[in-house]
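This report concerns only the one structure given below.
Nothing in this text is a laboratory measurement; each read-out follows from the coordinates by a stated rule. This one's a predicted model, so the numbers in the text were calculated from it and none came from an experiment. Note that each Cβ is placed from the backbone with ideal geometry, even for glycine, and that neighbours are counted across all protein chains shown.
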Amino acid sequence: MTTPLSQDLLPAELTMGTVMLKVGDMKVMSDYYQRALGLEIVAEQDGGLYLGRVGKPVVHLAPASGLRIPGRGEAGLFHTAILFEDQPSLAATIATAAEYEPRAFAGSADHLVSEAFYFTDPEGNGIELYYDKPRELWQWDGKTVVMDNVALPPQRFLQQHLNEAAVTGQLKAAAGIGHVHLQVGDVATAQRFYVETLGFERTAGWHGQALFVSAGGYHHHMAMNVWNSRGAGPRKDTLGLGEVLIEVPGADDIASLADRLKTAGVQNHHTGAELRFEDPWRNKLRVAIR
């Protein structure tokens, strides 16, 4: 496998934008994202709700009644990861999520680069709530970031970081999409598409079962794994992941990516300001000017 030339890399200033979810029960799902995760309605448009913090959308809930929930082994969303600016803000949302539905809690871990807590929404979509440790504490082995799964007891984290100011100021604390983790059929194909074609840089792997990629030296903006979905083919139209938005600084970044997709034979829709296409498992991606 080859590594993209520097001019073929996605821009270092890349950020992740809103994640769109196709939902079957808008009331149940909007209640969960508002009351459990402390998101507010930012806009009602495009046939659904944009929910976020301090005016910035995080998730777009799009009504799709009649579609089925995907099976555990199908390609699609593994989790949407919401990044918080500090540990007290993270702790406040962990507390509301745990209080709203304790059974939705799915685990926690210190990943050395971050502290992460996992939940599952009412329609089975994975959610990660996390805080990044200072970058000077991240360790790199060449171009690979050192990550691990170290025990992170949630009660201890809450005891150390939850405070009244974070609870009362929950809705005023910024949060956004830090990364998106997908279920795919195989890691080699994911590497060819996300690294060699799109221009992400590979930052880590996991025993041939997972791939972590980023732009600009972040630990990962996207990840793909086969833990549940090895051998999965292209997705059917189901509930769950509708679209992943990736934001870049300018039109030149869009044009360069459009050229790479054309060279690789990847069908896309290019308007100048944005680019829409699918990965090999029919996960929909949109790259747009921030």
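Worth a mention:
- Of all residues in region 57-88 being of a type in the set (Gly, Ala, Ser) and touching a strand residue (DSSP E or B) at 6+ places or on another chain (Cβ under 7 Å), the one that is farthest from Ala43 (Cα to Cα): Ala75
- Some residue of region 194-201 being on the phi > 0 side of the Ramachandran plot, touching a residue at least 60 places away in the same chain (Cβ under 8 Å), in contact with a Pro (Cβ under 8 Å, 6 or more places away or on another chain) and crowded, with 19+ Cβ neighbours inside 10 Å: yes
- Which numbered condition Ala43 misses (of (1) farther than 20 Å from His221 by Cα; (2) in contact with a helix residue (DSSP H, G or I) (Cβ under 7 Å, 6 or more places away or on another chain)): (2)
- Of all residues in region 277-290, those satisfying the criterion of being within 22 Å of Glu74 (Cβ to Cβ), in contact (Cβ under 8 Å) with a residue 24 or more places away in the chain and not hydrophobic (A, V, I, L, M, F, W, C) are Asp279, Pro280, Arg282, Asn283, Lys284, Arg286.
- Residue satisfying all of: in region 11-54; of a type in the set (Asp, Glu) and part of a strand (DSSP E or B); nearest to Ser256 (Cα to Cα) among these: Glu44
- Residues in region 239-255 that are buried (at least 18 other Cβ atoms within 10 Å of the Cβ) and either outside any strand (DSSP E or B) or of a type in the set (A, V, I, L, M, F, W, C) (or both): 8 in all.
- Exactly one residue out of Arg103, Arg68, Arg53 is over 27 Å from Pro234 (Cα atoms) and more than 18 Å from the chain's Cα centre (by Cα): that is Arg103.
- Looking at Pro102, Pro122, Pro70, just one residue is more than 20 Å from Gly178 (Cβ to Cβ) and in contact with a Gly (Cβ under 7 Å, 6 or more places away or on another chain), and that residue is Pro70.
- Members of region 260-290 found to be in a helix (DSSP H, G or I) and within 22 Å of Thr15 (Cβ to Cβ), listed by number: Arg260, Leu261
- Val145 vs. criteria touching a residue at least 60 places away in the same chain (Cβ under 8 Å) and over 17 Å from the mean Cα position of the chain (by Cα): yes
- Selection from region 112-122 of residues that are crowded, with 19+ Cβ neighbours inside 10 Å and either part of a loop (DSSP other than H, G, I, E, B) or of a type in the set (Lys, Arg) (or both): Val113, Asp121
- Arg235 fulfils the conditions (1) out of contact with any Ser or Thr (no Cβ under 9 Å at 6 or more places or on another chain); (2) of a type in the set (D, E, K, R); (3) in contact (Cβ under 8 Å) with a residue 60 or more places away in the chain; (4) surrounded by fewer than 14 Cβ atoms within 10 Å (Cβ to Cβ) except for a single criterion, (4).
- Screening the candidates Pro70, Pro57 for the property of being assigned to a loop (DSSP other than H, G, I, E, B) and either touching a residue at least 12 places away in the same chain (Cβ under 8 Å) or within 23 Å of Phe200 (Cβ to Cβ) (or both) yields one hit, Pro70.
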